[in-house]
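Okay, structure first, notes after.
The values are calculated or read from the model by the stated rules, or taken from the named source; none is laboratory data. This structure is a prediction, so every number in the text was calculated from the model and none was measured. Note: ideal-geometry Cβ built from the backbone for every residue, glycine included; neighbour counts use all protein chains shown.
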(Lines give C-alpha, C1' and ligand atoms only; values in the text may rest on other atoms or scores of the structure.)
Protein backbone atom coordinates (compact mmCIF):
# COMPACT_ATOMS: atom_id res chain seq x y z
CA UNK A 1 0.00 0.00 0.00
CA UNK A 2 1.07 3.54 -0.72
CA UNK A 3 1.12 6.23 1.97
CA UNK A 4 -2.33 7.37 0.86
CA UNK A 5 -3.82 3.90 1.50
CA UNK A 6 -4.09 2.92 -2.17
CA UNK A 7 -2.23 0.16 -3.97
CA UNK A 8 -0.95 2.50 -6.71
CA UNK A 9 -2.54 0.49 -9.51
CA UNK A 10 -4.67 3.42 -10.61
CA UNK A 11 -1.44 5.25 -11.54
CA UNK A 12 -0.35 2.62 -14.07
CA UNK A 13 -0.63 3.38 -17.77
CA UNK A 14 -3.27 1.52 -19.77
CA UNK A 15 -2.26 -2.05 -20.63
CA UNK A 16 -2.92 -3.93 -23.83
CA UNK A 17 -2.10 -7.62 -24.21
CA UNK A 18 0.42 -8.48 -26.94
CA UNK A 19 -1.25 -8.97 -30.32
CA UNK A 20 0.40 -12.37 -30.89
CA UNK A 21 -0.50 -13.79 -27.47
CA UNK A 22 -1.57 -17.46 -27.53
CA UNK A 23 -5.16 -18.19 -26.47
CA UNK A 24 -4.49 -18.69 -22.74
CA UNK A 25 -7.40 -19.51 -20.42
CA UNK A 26 -6.56 -16.15 -18.86
CA UNK A 27 -3.66 -13.72 -19.10
CA UNK A 28 -3.63 -10.99 -16.48
CA UNK A 29 -2.78 -7.36 -17.05
CA UNK A 30 0.86 -6.28 -17.05
CA UNK A 31 2.04 -9.86 -17.42
CA UNK A 32 4.68 -10.79 -19.98
CA UNK A 33 6.43 -13.79 -21.48
CA UNK A 34 9.96 -13.31 -22.80
CA UNK A 35 10.80 -14.08 -26.41
CA UNK A 36 11.50 -16.44 -27.86
CA UNK A 37 9.38 -19.13 -26.25
CA UNK A 38 10.20 -22.76 -26.93
CA UNK A 39 6.75 -24.31 -26.54
CA UNK A 40 3.36 -23.48 -25.10
CA UNK A 41 1.31 -26.68 -25.16
CA UNK A 42 -2.47 -26.19 -24.84
CA UNK A 43 -2.54 -22.51 -23.81
CA UNK A 44 -6.27 -22.89 -23.07
CA UNK A 45 -5.26 -25.01 -20.06
CA UNK A 46 -2.96 -22.30 -18.65
CA UNK A 47 -3.97 -19.42 -16.36
CA UNK A 48 -1.51 -16.56 -15.96
CA UNK A 49 -2.41 -13.95 -13.36
CA UNK A 50 -1.61 -10.24 -13.27
CA UNK A 51 1.93 -8.84 -13.05
CA UNK A 52 3.52 -12.21 -13.89
CA UNK A 53 6.95 -12.25 -15.57
CA UNK A 54 8.11 -15.36 -17.41
CA UNK A 55 11.57 -15.34 -18.97
CA UNK A 56 12.61 -16.37 -22.46
CA UNK A 57 12.88 -19.93 -23.77
CA UNK A 58 9.94 -21.13 -21.69
CA UNK A 59 8.23 -24.49 -22.05
CA UNK A 60 4.73 -24.39 -20.52
CA UNK A 61 2.62 -27.54 -20.88
CA UNK A 62 -0.97 -28.32 -19.86
CA UNK A 63 -0.95 -31.78 -21.39
CA UNK A 64 -4.59 -32.86 -20.98
CA UNK A 65 -6.85 -30.35 -22.79
CA UNK A 66 -10.17 -31.85 -21.64
CA UNK A 67 -9.33 -31.15 -17.97
CA UNK A 68 -9.59 -27.39 -18.32
CA UNK A 69 -7.01 -25.27 -16.52
CA UNK A 70 -4.26 -27.48 -15.07
CA UNK A 71 -1.40 -24.97 -14.93
CA UNK A 72 -1.98 -21.87 -12.80
CA UNK A 73 0.58 -19.10 -12.38
CA UNK A 74 -0.81 -16.67 -9.83
CA UNK A 75 -0.47 -12.88 -9.54
CA UNK A 76 2.99 -11.41 -9.21
CA UNK A 77 4.88 -14.67 -9.79
CA UNK A 78 8.32 -14.42 -11.39
CA UNK A 79 9.73 -17.25 -13.51
CA UNK A 80 13.24 -16.94 -14.95
CA UNK A 81 14.66 -18.00 -18.31
CA UNK A 82 14.58 -21.59 -19.62
CA UNK A 83 11.80 -22.88 -17.35
CA UNK A 84 9.91 -26.11 -18.06
CA UNK A 85 6.59 -26.46 -16.27
CA UNK A 86 4.46 -29.50 -17.10
CA UNK A 87 0.98 -30.30 -15.79
CA UNK A 88 -1.14 -33.42 -16.25
CA UNK A 89 -3.11 -33.21 -12.99
CA UNK A 90 -2.45 -29.72 -11.62
CA UNK A 91 0.51 -27.41 -11.10
CA UNK A 92 0.03 -24.16 -9.16
CA UNK A 93 2.71 -21.48 -8.87
CA UNK A 94 1.58 -19.27 -5.98
CA UNK A 95 1.31 -15.50 -5.90
CA UNK A 96 4.63 -13.66 -5.59
CA UNK A 97 6.62 -16.92 -5.90
CA UNK A 98 10.05 -16.62 -7.56
CA UNK A 99 11.47 -19.35 -9.77
CA UNK A 100 15.04 -18.79 -10.95
CA UNK A 101 16.40 -19.75 -14.37
CA UNK A 102 16.39 -23.39 -15.57
CA UNK A 103 13.79 -24.60 -13.07
CA UNK A 104 11.85 -27.78 -13.89
CA UNK A 105 8.42 -28.32 -12.30
CA UNK A 106 6.22 -31.31 -13.15
CA UNK A 107 3.37 -33.25 -11.58
CA UNK A 108 4.05 -36.21 -13.85
CA UNK A 109 6.72 -38.61 -14.97
CA UNK A 110 7.03 -41.42 -17.48
CA UNK A 111 5.58 -44.81 -16.62
CA UNK A 112 8.34 -47.42 -16.96
CA UNK A 113 7.23 -50.59 -15.16
CA UNK A 114 6.33 -52.67 -18.25
CA UNK A 115 9.73 -54.04 -19.26
CA UNK A 116 8.28 -55.43 -22.52
CA UNK A 117 7.54 -51.94 -23.87
CA UNK A 118 9.72 -48.92 -24.60
CA UNK A 119 9.20 -46.29 -21.90
CA UNK A 120 8.02 -43.70 -24.43
CA UNK A 121 5.00 -45.95 -25.21
CA UNK A 122 3.90 -46.38 -21.60
CA UNK A 123 2.38 -42.96 -21.04
CA UNK A 124 2.62 -40.49 -18.19
CA UNK A 125 1.74 -40.76 -14.51
CA UNK A 126 -1.50 -39.15 -13.45
CA UNK A 127 -3.30 -38.14 -10.25
CA UNK A 128 -0.62 -35.85 -8.89
CA UNK A 129 -0.43 -32.18 -7.95
CA UNK A 130 2.43 -29.73 -7.44
CA UNK A 131 1.89 -26.51 -5.51
CA UNK A 132 4.52 -23.85 -4.95
CA UNK A 133 3.32 -21.65 -2.11
CA UNK A 134 2.91 -17.92 -1.99
CA UNK A 135 6.21 -16.06 -1.79
CA UNK A 136 8.39 -19.17 -2.12
CA UNK A 137 11.81 -18.91 -3.79
CA UNK A 138 13.03 -21.72 -6.06
CA UNK A 139 16.77 -21.56 -6.77
CA UNK A 140 18.48 -21.87 -10.13
CA UNK A 141 18.38 -25.33 -11.70
CA UNK A 142 16.02 -26.82 -9.11
CA UNK A 143 13.79 -29.77 -9.97
CA UNK A 144 10.36 -30.21 -8.35
CA UNK A 145 8.56 -33.41 -9.33
CA UNK A 146 5.78 -35.72 -8.25
CA UNK A 147 3.00 -34.97 -5.82
CA UNK A 148 4.47 -32.22 -3.64
CA UNK A 149 3.74 -28.93 -1.97
CA UNK A 150 6.40 -26.27 -1.46
CA UNK A 151 5.25 -24.18 1.51
CA UNK A 152 4.67 -20.46 1.69
CA UNK A 153 7.90 -18.51 2.08
CA UNK A 154 9.95 -21.69 1.60
CA UNK A 155 13.32 -21.70 -0.15
CA UNK A 156 14.58 -24.45 -2.47
CA UNK A 157 18.34 -24.27 -2.98
CA UNK A 158 20.09 -24.22 -6.33
CA UNK A 159 20.06 -27.57 -8.16
CA UNK A 160 17.99 -29.23 -5.42
CA UNK A 161 15.73 -32.14 -6.37
CA UNK A 162 12.43 -31.98 -4.46
CA UNK A 163 10.27 -35.10 -4.35
CA UNK A 164 8.59 -34.56 -0.94
CA UNK A 165 6.65 -31.72 0.68
CA UNK A 166 8.55 -28.71 2.00
CA UNK A 167 6.97 -26.97 5.03
CA UNK A 168 6.20 -23.26 5.15
CA UNK A 169 9.24 -21.13 6.00
CA UNK A 170 11.77 -23.91 5.50
CA UNK A 171 14.96 -24.04 3.42
CA UNK A 172 15.83 -27.25 1.57
CA UNK A 173 18.95 -28.20 -0.37
CA UNK A 174 20.53 -31.22 -2.00
CA UNK A 175 19.47 -34.24 -4.00
CA UNK A 176 17.20 -35.47 -2.63
CA UNK A 177 16.31 -32.17 -0.96
CA UNK A 178 16.40 -32.12 2.83
CA UNK A 179 15.58 -29.37 5.31
CA UNK A 180 18.66 -27.36 6.31
CA UNK A 181 17.00 -24.36 7.96
CA UNK A 182 13.59 -23.45 9.43
CA UNK A 183 11.87 -20.43 10.87
CA UNK A 184 10.63 -21.22 14.38
CA UNK A 185 8.29 -18.23 14.70
CA UNK A 186 11.01 -15.95 16.07
CA UNK A 187 14.09 -16.53 13.96
CA UNK A 188 15.71 -18.74 11.34
CA UNK A 189 17.46 -21.78 12.83
CA UNK A 190 19.87 -24.22 11.19
CA UNK A 191 18.84 -27.85 11.51
CA UNK A 192 21.23 -30.47 12.80
CA UNK A 193 23.59 -31.78 10.16
CA UNK A 194 22.84 -35.25 8.86
CA UNK A 195 24.59 -38.02 10.73
CA UNK A 196 26.65 -40.57 8.78
CA UNK A 197 25.09 -43.98 8.11
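Which of the numbered conditions does residue 23 fail, given that it passes all the others? Conditions: (1) at pLDDT below 95; (2) touching a helix residue (DSSP H, G or I) at 6+ places or on another chain (Cβ under 9 Å); (3) surrounded by 15 or more Cβ atoms within 10 Å (Cβ to Cβ).
If we test residue 23 against (1) at pLDDT below 95; (2) touching a helix residue (DSSP H, G or I) at 6+ places or on another chain (Cβ under 9 Å); (3) surrounded by 15 or more Cβ atoms within 10 Å (Cβ to Cβ), just (3) comes out false.
Identify, please: which residue in segment 97-111 is touching a residue at least 24 places away in the same chain (Cβ under 8 Å) and either out of contact with any strand residue (DSSP E or B) (no Cβ under 8 Å at 6 or more places or on another chain) or outside any loop (DSSP other than H, G, I, E, B) (or both) and is, among those, farthest from residue 138 (Cα to Cα)?
My answer is 106.
From the list 140, 179, which residue is surrounded by 14 or more Cβ atoms within 10 Å (Cβ to Cβ), in a loop (DSSP other than H, G, I, E, B) and over 12 Å from the mean Cα position of the chain (by Cα)?
After ruling out the rest, the residue left standing is 140.
Scanning segment 114-136 for residues that are surrounded by fewer than 19 Cβ atoms within 10 Å (Cβ to Cβ) and not in a loop (DSSP other than H, G, I, E, B), which turns out nearest to the chain's Cα centre (by Cα)?
By that ranking, first place goes to 129.
Of everything in segment 29-48, what is under 22 Å from residue 94 (Cα atoms), in contact with a strand residue (DSSP E or B) (Cβ under 6 Å, 6 or more places away or on another chain) and not in a strand (DSSP E or B)? Give them in sequence order.
Within segment 29-48, 31, 42, 45 qualify.
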